[in-house]
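Reviewing the structure listed below.
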Amino acid sequence: MANIFHSSRPDWSNIDVIHRGVLPPRSYFFLYETESSALNNSRDLSQSINLSGVWKFHHSANPFEAPDHLENRTHDTTNWKDIRVPGHWQLQGWGKPHYSNINYIIPVDPPNVPFDANETGSYVTKFRVPTTFTDEQLRLRFEGVDSAFHVYVNGVMVGYSQGSRNPAEFDIMSTVKMEEENVLAVRVYQFCDGTYLEDQDRWRMSGTFRDVLLPAFPKDHIKDFQVQTLLNSNFKNAYLKVKVTTEGRGLIGLKLLDSRGVIVATEFMEGSDHPTIFNMAMTEPKKWSAEDPYLYKLILSFGGRFIAQNVGFRTVEIKDGIFKVNGKRIVLRGVNRHEHHPMHGRAVPYDFMRNDLLLMKKYNMNAIRTAHQPPDPSLFSLADELGFWVIDEADLECHGFSAIDKLMLSDDEKKLPYAEKINLIYTRPGRFTTDNPAWKDQHVDHAVQLCMRDKNHPSVVMWSLGNEAFYGCNIKSMYDAIRALDTTRPIHYEGDRQGETVDLLSKMYLSIEELISFGKEPNFTKPLILCEYIHSMGNGPGNIKEYIDVFYAYPRLQGGCAWEWANQGLTANNPNSGPFYAYGGDFNDEPNDSNFVLDGMCFSDHTPTPGLVEYKKAIEPVQLKGIAGGKVTIVNRYDLITLDHLKCQGSLVADGYVPALPCRPAANITRWPIGGQLANG
């Protein structure tokens, strides 16, 4: 390929090519040989091989300078360097990280991307197929590659895919060698036409940043399944609905275990060419919520393989203009979480992610918005188990087009009031992609990939179509695509500012007064959340208590997600002063948005800032509201549960006198006479 110009438009600069050879998207699951290994929930025990590790790597300034005949099994990589997969090449010695909040870092000419300045990473590794996988359908699964890639096995191209935070899976049976060493080669492009849909506020870094897997499927296997829990009108009993799609015919087994491992339901149905639907009546199942995340375990069996899946019985709905879970109004005490690690970028280690979620729980958070792309899929099992309301967001942002239209304002338009100018800047840019029918398939692909992968998790209570991508016909198509796949969750998108399509209103950074005005609107039909508020940069956030009080004063206002969880500093070293956390410009990345990447409630090492401590206090679910008339008022701000799981202890301190105060569990709002009996108030 070196110095050879394409005779036709390359895949990575062709709006009509999203995937080649990619299998249909499916939910995230693994196959196991036994039920016990499936219940163990360890991917290491599954019928798959993790190909992540140290690969050989070659870096080029553009695709035309990349090595010729990379795909050949005999290609000599002896002099290539080593690279860690998952990881970004900019953090391992090639190129440089580039921070931008709004602006694209390429010349804006959609759908075209640079041919000469499009860094290209060539990856090679070798693998052998275990004899236990003989006669199995072998697949290659890439969980995340930024931004586009071609895949070759033993000299044959098996496919192409783009969509950086979405998985891609390929059938490699026609090219793999069962008793020989196999050569896997991957060519990754820094930019593709899809880059115009991935303009999030983040470090721009490239490469194979999530795991590469080799799953094995028997001839007869489960292709996909969908779990829905349908509670009745009084939220007491339920139906467990499971739709299973199979390759081949045979008996499908379904088993439901409670948290102790006791079987509570079992059924068998014959699989066919059409989806098989289980619809099982459940009497008073324990309910799942972010406050009491009770999980059952679903076991599916077919073709001699087993699948395990968390099941939480809960119903999400918008009724009478209120967002409800299990019939109760919910208030989001949440945070926007970018995937970021100070050393590894978006290749976030599992334990680091788990510690983040544990810290969120410790600091009273109950909701996560996956800003602004689908996270590593392992996050959702954690969210199921720990208890979070998750707004799962598609990998879509086109913010940079607003900078173009800002420059194009006429002299008269520049004189308009600020709100009117912003309206122009956030309306007109839709013509580039969001309201351009030529981009429909790419938008819909992002929506379908999101929903198909994550649809079976009880923690996902809302889909989000993206962030700051304006509004137009393709947003409507994304909505329709998700609604065709899932009717059980509301769909969010802040860019639909008038709520024409989506199921709820969403705003950013409203003032207290503006928020109250929405809360006072009569006859509303859609709830409102703040998908971003209380920006945490510098000495921020501020006015937290005032926002929280408003959420509880007006039923329509149902909380929000603070911006953002953590600073996105990258570990760097100054030869004179030593290690530090870098921000935009520290890598000579121009243009950049400087330290705007440091705007989190945690420092770059993910330890709490004072802002997080304040947020914890403002959103605490049990609040001491004060003393009046000899009584202490305690308020329960949990959405669904009582305070029966808590032990109350208290003391009154005055000039060295510390009398003990009697306490006992109480219900929703309790007035507590000092030295007297507890009484509901």
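Exposure proxy shown here: for Lys476, Lys625, Lys421, the number of other Cβ atoms within 10 Å sets the order, fewest to most, as Lys625, Lys421, Lys476. Here the label points at Asn40 and Asn112, each 7 Å from Cα along the C-beta direction, are separated by 5.5 nm in the simple model.
Label positions at Val613 and Leu646, each projected 7 Å from the Cα along the C-beta direction, are separated by 2.1 nm. By the count of other C-beta atoms within 10 Å, a proxy for reagent exposure, Ser378, Ser511 are ordered fewest to most as Ser511, Ser378. Considering helices alone, the calculated mean residue ellipticity of the chain at 222 nm is -4500 deg cm²/dmol, with DSSP H runs of length four and up weighted by -39500 (n - 2.57) and normalised per residue.
Using 0.36 nm per residue and subtracting the Cα-Cα separation, the extra length available between Leu358 and Arg26 on full extension is 116.7 nm.
Extension gain, Leu416 to Val653: 0.36 nm times the residue separation minus the Cα-Cα distance gives 79.6 nm.
What share of the DSSP beta bridges in the stretch 280-422 is antiparallel, in percent to the nearest 5?
Working: 15 of 22 bridges.
If I count the DSSP bridges inside the stretch 280-422, around 70 percent turn out antiparallel.
Listed values for the stretch 530-541 are Karplus-derived 3J(HN,Hα) couplings in whole Hz (6.51 cos²θ - 1.76 cosθ + 1.60, θ = phi - 60°), namely 9, 5, 9, 6, 6, 3, 9, 6, x, 7, x, x, and x replaces Gly and Pro.
Starting from the Cα-Cα distance between Val622 and Ile512, subtract it from 0.36 nm times their residue separation and give me the gain in nm to one decimal.
Stretched out fully, the Val622 to Ile512 stretch lengthens by 37.3 nm.
Applying 1/(1 + (r/R0)^6) with R0 = 35 Å to the Cβ-Cβ distance of Glu590 and Lys81 gives a FRET efficiency near 0.85.
Take the Cα of Met343, step 7 Å along the line toward its Cβ, and report every residue of the stretch 64-104 whose backbone nitrogen sits under 15 Å from that point. Answer for the stretch 64-104: 84-88, 91-93. A simple count of charges around Ala438, restricted to other residues whose Cβ falls under 15 Å of its Cβ and scoring Lys, Arg +1 and Asp, Glu -1, yields -3.
With a Förster radius of 25 Å applied to the beta-carbon distance between Val262 and Lys241, the computed FRET efficiency rounds to 0.70.
Taking amide H as placed 1.01 Å from N in the peptide plane, Glu198 has its amide H under 5 Å from the amide H of Glu397, each at least 5 places away in sequence or on another chain.
Look at Ser60, Ser410, Ser459 and count the other Cβ atoms within 10 Å of each Cβ; fewest to most, that gives Ser410, Ser60, Ser459. Taking R0 as 51 Å, what's the FRET efficiency between Ala572 and Lys520 from their Cβ-Cβ distance, rounded to 0.05? Here the calculated transfer efficiency is 0.55. Counted by Cβ distance under 12 Å from Asp220, the other residues give a net charge of +1, where Lys and Arg count +1 and Asp and Glu count -1. Between the Cα long axis of helix 440-454 and the first principal axis of the chain there is an angle of about 60°, rounded to the nearest 10. Charged side chains reduced to their Cβ positions (Lys and Arg at +1, Asp and Glu at -1) give the chain a dipole of some 2280 debye around its Cα centre.
Counting only DSSP beta bridges with both residues in the stretch 221-317, what percent are antiparallel, rounded to the nearest 5?
Antiparallel bridges: around 95 percent, rounded to the nearest 5.
Taking the Kirkwood radius as Rh and the Cα radius of gyration as Rg, the stretch 417-567 has a ratio of Rg/Rh equal to 0.98.
Rule-based calculations on the coordinates, nothing more; no lab input. Given the structure is predicted, the values throughout are model-derived calculations rather than measurements. Every residue, glycine as well, gets a Cβ built from its backbone with ideal geometry; the counts of neighbours run over all protein chains shown.
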